[in-house]
Structure formats: structure tokens, C-alpha cells
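Visitor: The structure that follows is given in the form of C-alpha cells.
All of the numbers you see were taken from the coordinates with simple rules; none came from a lab. This is a predicted model, so every value here is computed, not measured. Virtual Cβ from ideal backbone geometry, glycine too; neighbours counted across all protein chains shown.
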Amino acid sequence: MSHLAPPPHVQHFRQILLWPLRLMPTPVTPGGNASPWQVLRSLGADSPWKEEVDEYTGDSSRFHERHYNEFVSFLPYVQRFLYGEGRAREGGGKDGDSPMRVFRRHDIAAVRIVTRPGEAPITLQVIHADLYFFFDLDVVMLNIEVGADDISLAQAQEVLYRFGRAYPAGWDPEGTPLHCLHSVEWLGVDGSVLSHSDAQNREAFLSHVAEHRAPRFSAHWAFVMQPLVSDHSTEPGALRYRQIEYYRMPTMAYVSLDDPSRLTRNDYVRLGLITGAGESDATLPYAEQHLEDFERKYCYDRFWVDGGSAPNTRYMCSGYSLVVVGDARSEFFCCRDRGVLAQFRHQHFLLFLICHFQKASLLLFSDQLVEALGKLDVRNTPSVKRFKRAIRHNFERFLRFTHRYWFHEVSEQSQVRALSRMCATHLALDPLYDEVKDRIAEMNTYLDADSLRRQANTVVRLTVVTLFGLIGTITTGFLGMNLLAEAESPLMTKLTWFFIVFGLTTWLTVYTMVKSQRLSDFLDALSNDRLTLGGKFKALVQVWRPGAE
């Protein structure tokens, strides 16, 4: 391609952001622990988030062919995860009937952004703003879908690179935030500004990290999450969240170009790896040897041909991102009901959601194990008990996660299956699952071994007490002999002797229990034929020697 040729123009652009977050425990209600979505639902008018009655349970007129195509793309066990058994809602059934709950807010209509200082603002339409909750797991995922028509390729690359940042990576010497958008404004339905970014407020971010050892989320993202608040924020809120992954949100992109054949390899690399716009077509974002396997490793080129219903369509997946690029002149590529755009927003979004939900869940289990260990004090009995309960609870939840949410194949359709495998491979889900599984298994094995050890110690102590008690029992009970014949004595005399004997017996039993470990060692020495009489006597003396081990 000639360097003088104009770059291709983006006719239609879509970006979908996913932000996995960890939910902190919710307040205790009279009926028990409330599910996060129950807490959010109970806020009513105080929350902009409303539970979404989806196309599968609402009015049948909302159920379109694209929803049917989405449903049949997945295997039955994935369908149960995504849609539940009938997707029971408030009208009946249990919350557990629907493994995934979706809440949506409608007050945000658009977002006005400035990518760099001095650049012209770009206004993107907000198609969806959703929160995804999952049964039995403290994970919530924010989903933001935005779109725009008629923008330049460089603008699309910059939006992809800068929009999904939870907070600035740093600042340049002039105080300009690095790698994130220079300005973000959420716009209401009437065009009013609902919230704006504060990435230039460097001191606020620095002081927050210094005080809390946790990042401060940018104001515009904190606004979107309300009434959910950061767990390290001073704002009140029943639902609190923490960061669980990297601060860059996983992103999907749909790029419809007027002539994709004019894209260079550099353009595809920048789109597929989300590196931002380049200074020239000849400049690669990374070294050539690092990108020599780009097409094999990151590209799905089954439809990268001149013919077919959607010619020159390329999918690029790096795990962190899933990007589809195609020809705006292709009716099938741009079709919102049956074509590539519909697939991107439905099937491909869901497989991307599944992969990142699985990763976030595994990281959550890992975090909870570390926290349980951090709170353990082996010298404090209540701390040990809390640790055991936490590990047992984690083990039980991991088993339920494995059987409810963990699967390798999501579809028999070759395209969905291939993209799902690419995403899972780049996210290293299998190694992460094996690592978390091994850690939980090790913890559980430790608890089992510790329980067996405690049981064995108890058996040893009871055996020692029984053995020494047996001596007295046989001695005093030989041939029914009574040392003190008090059967005919007055009641008070018998009660007196009863409490004296009871006290002495109790003291002897307790004392034997206290010395049971040393007495056990003495019995081991006594049964050792290789020990001399002097050695056995020495073992007996050890029972009462102060500080003896």
C-alpha cells in the first residue's frame, strides 16, 4: 500500500467493556445473608439499577431470531448457566434457579470523551450499561457497550486503548494522565453531564494509595457503579467491591471499515493487541521478532477470504481482547439480526463473558485463601476455628463452582468453539484452575491431617487414662471387695464419702489427662524390650520432671 493512500475509514464502531470485581460480604438480614442482587433490588428508587427481565422470560414480542441463534449456539449445560431452568424471576421460583442475574441502568445515554489533550471530543452512544451477578459467587461484572458511526481508524484505536482504564497508570511531568482518556463525561438522556473524570487529580490518587494500599477508582467509573461503592471508600454503601484483576478492563470491538483491504499488518497488530494509534503505518508497536507469530497466535482467519457472505472478515483474540474487523459494504457483516454484528453482540460476547467470569472466580478463590491464612494465629483457638471454617467453606464453594460453572467446551459450532478456546488459552484458564485446585486441596488435606492428628492424640490420652484407671478399678473391685462398708451408714455419711471419692477420682482423671503425653511415652518405654530397667525407670521419672519434653 502506498504511504500516500488515505487510511480506511470506520463506518461503524462498537466497544464492549467487561470489568470483573469482587463483592465484599453483604449485611446480615433477619432471614440470613442476603444475596448481592437482593440487596440491590431492595434499594428500589434509591438505585438506578433495575433488574432486567430478559427476552427469554418477558414479552414474546421481544424475542427475536438473534436471541434464538444465541441460545442454540451453546451446549445444554452452558445454556443452563446462561439462562437457567426457565429463568424464574420475581414471579416465583428461587434465586438459585437463575445462575446469572442482570441489572441495567437507563439514565446514561452517551459518553463524551477526549483521547488526548487538544484532540476533538468524540461522543459515543451508550447501548447498554449492565451489572452481572452470579449465584453462589462474590463476583460482579460491569458491562458497558458503546458505539459510534463515521470515525477515523486512529480514533477507534485510541478509544480502544484508553477507554477501559479504571484509573490512570501514572502522569507525565506536566501532570497529564498516562494511557487513559484525557476527559470522560457521562451524558444523560437530555444531554446533561452526569459525571466527569478526575484523572488529572494526581494528589487524590497518590494519597489514597498511601493510606489504603489500594487504588482509587476514577470518578466516572465510581459514578457508574453507584450505589455500589469501593470497599476502601469512605462513602456509605451496603454493597462494596474491590479490584480483582488488572486495571485495564477486558474489551471487545467491532470495526466496520469502508475498505479493509487497505489495512496494513501494523493496523491489525494495533487493533488486535489494543496498542493505540501509531505514528505511521510503517511503525510496529513491538519488535518484529515478538510479532512474527501474530497471525498464527492471535488471528482466526477462517473468513479471511475475498468470497463468502462476509468477505475479508478477521477475528483477533488475545484473551484480554476480542476484535472483529470486516467490510462495511457486506450486508451480512453489518446485519444486526443474523449477521456478524449480531453474533458479536450475542454469541461472542457470552463466550468472552464466560472466560473472564471463570478467571475472576478463580482469582477470587485464590484471594480468599490468602486472606484466611493472613488471619490465622495458631496460638489463638478462635482464630484456628475461623480458619478451618473459612477453608471448608472455600472448598465447598469451589466444588460447586466446578460442577456449575467450569467447562471446557461451550459450543459445537466451529467458530464459537475456536474463539472460546483461543480466549481460554490466552487467559491460561486451565493452569490457573489447576493451581487454585491444588492450593485448596492442600489446605483441605492439611485440615484432614490435623483432624486425624487431634483424634489420634485424644485416643492416646483416653487410652492412658483408661489404662491407669483400670488398675484402680480392678484393685478396688476385686471379688466385689469394698474397702469401706458404708452401705448401712446414714445418708449424710454416704454423701460425704461420695463427694470425697468423686473429687479424688475427678482430680486423678484430670491429672492423668494432663500427664497423659508423658505417661504415654513412659508406656512406650516400658514396652520396649531393648531398654534396660534403668532406662525404663528414667522414663518414669521424666513424667514429673519440670520442663521435660
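Visitor: What FRET efficiency comes out for residue 171 versus residue 290 if R0 is 25 angstrom and r is the Cβ-Cβ distance? Round to the nearest 0.05.
Guide: Computed FRET efficiency for residue 171 and residue 290 comes out at 0.35.
Visitor: Count charges around residue 181 for me, please; just the other residues with Cβ under 14 Å from its Cβ, Lys/Arg as +1, Asp/Glu as -1.
Guide: +1
Visitor: Separate question: Sort largest first and round to whole Å: the equivalent ellipsoid semi-axes of the stretch 305-462, each the square root of five times a Cα gyration tensor eigenvalue.
Guide: Output for the stretch 305-462: semi-axes of 49, 13, 11 Å.
Visitor: May I ask you to sort 463, 115 by Cβ crowding, counting other Cβ atoms within 10 Å and putting the fewest first?
Guide: The order, fewest Cβ neighbours first, is 463, 115.
Visitor: Applying 1/(1 + (r/R0)^6) with R0 = 51 Å to the Cβ-Cβ distance of residue 79 and residue 450, what FRET efficiency is obtained, to the nearest 0.05?
Guide: 0.75
Visitor: Please compute the modelled spin-label separation between residue 116 and residue 196, points set 7 Å along Cα→Cβ, answer in nm with one decimal.
Guide: 2.2 nm
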